[in-house]
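Worksheet: the structure to be examined is printed underneath.
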Amino acid sequence: MTAGGTGASPATAPRPDEGPATTAGRDGGNAHRDEGPSRPAGQDDGGGRRGGWASLAATLRRLGGRAWRHGRRVPPALWSRATGRSPGPGRPTAAFLRRRMLVLPALALIALALCAAAYNDVHRRSEQLRDRSVPALVGLAQARTSLGLAQAQAELRLLNAEHAGLVELGETYRSHLTEATQSLNRVAQSGALSKGQEQELRVVSGLVVAYGDKIAWADRNRTSRVLREAGVAYAAGMLRSPQPAGGAQEPTTVLDRIEVLEEQLLDESADLAAWSPLTQAAAAAAALVAVAFAFAVVGTSVFLRDRLRLVSVQIVAASVPVLLTPALLTVGGAQEHAAQADVHHAVAQLEYVTAVSGVGRDIERVATDAAARMRSAHPDGWALTAGIAMPATGLGALACGVTLYLYARPYPPHVARRKDSDA
């Protein structure tokens, strides 16, 4: 019984072993336990961080040790598999020989295909540089400089105060204009241009014809100073714009268009002289397959010595072309690639030749040096070597399979299992 309803009932009275904080928590839930001084959010003590780094380092050491232990077991396992010395009773002779009868030719043919792909890509680039890109660049440089020399000769004959209106253009101008036209025709026949570039070259050839007609018109009216000067000035504007064409502006004059074509062909020749992803990937894969083939041949030879007590000269002889062909094609491809880089560097100098006296000899010298550098790499000789080595490699792969087939003939393909009578 409570007095006035304010006394504590026995059910809610604190027990003797409870403290004030517990009682207060029961009553209102507003009191909290003393947890010590609080830390700012995001701040961790040094001990926790050091413990995390130590745990990570221990995990890495454990994983590294496990990987090292597994890695150490890989070479012996591969050697046991290659030589047929597997743990246990060992592989049957017939099964091992028949399996290698397929594995060795397959590896040899895969290596041959990869080597052929890598070398053919390099050799194709050599032929394209030698037979297409270099003649096209030489022709464009000759056309550009010949047009500049023709314009200089026309100005000398028609605008010079000493000769103005008194003499014709002469054979020098006509020879320069003819040389420019013939050079553009050789570029069109080189096969180095794409469809769009061929269309651009046809536009250039048409502008050259129009340029020659305008100079001829000025020559026919050379007695009139106004018409003569107007014709030469108009022709000069067709040949070269007064202001250099900007990057966003399409070229409109003859020489500007020719220079754009030269820049495009130089970029293409730079791509041809660089290592292509196809060559690099195929060469790397061919090297790996050739190493695997050599490893398998050594393991097979050891198996034949252990099981059959013989040294197979036939297997070794058949393996020589398979292992020699990648080495030969690697040397040839590297030599041709070095020549490609030198040829590109040589023809890149044509971009800087200008229309001065004797420039034709300079262009011919550059073309001769580029051709000599490509000949020094002997691309035709290496192509002939590849044409001989690849069939020899195919015969070597076939000989490996036939030899192992003959070794496996005396052995039955299946061995009957002995039944255990106690089973």
Tell me the label-point distance for the pair Val356, Arg309, using the 7 Å Cα-to-Cβ offset, in nm and rounded to one decimal. 8.5
Give a quick list of trypsin sites (Lys or Arg not before Pro) in the stretch 299-357 that DSSP marks as loop, anything other than H, G, I, E or B, with at most 13 other Cβ atoms within 10 Å. Arg309
Determine one quarter of the surface area of the Cα convex hull of the stretch 261-358, which equals its mean projected area, and express it in nm² to one decimal. 8.8
I'm a student and want to see the number: the projected area of the Cα convex hull of the stretch 325-367, averaged over all directions, in nm². 3.2
Take each of the peptides 140-146, 221-227, 107-113, average the number of other beta-carbon atoms within 10 Å over its residues, and list them starting from the highest. 140-146, 107-113, 221-227
Once Ala106 and Thr181 are pulled to full extension, the length gained, defined as 0.36 nm per residue separation minus their Cα-Cα distance, is 21.4 nm
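Readers should treat all values here as calculations from the given coordinates under stated rules, not as data from a laboratory. Since the structure is predicted, the reported quantities are computational estimates derived from the model, not experimental observations. For neighbour counting, all protein chains shown are included, and Cβ atoms are generated from backbone atoms with ideal geometry for every residue, glycine included.
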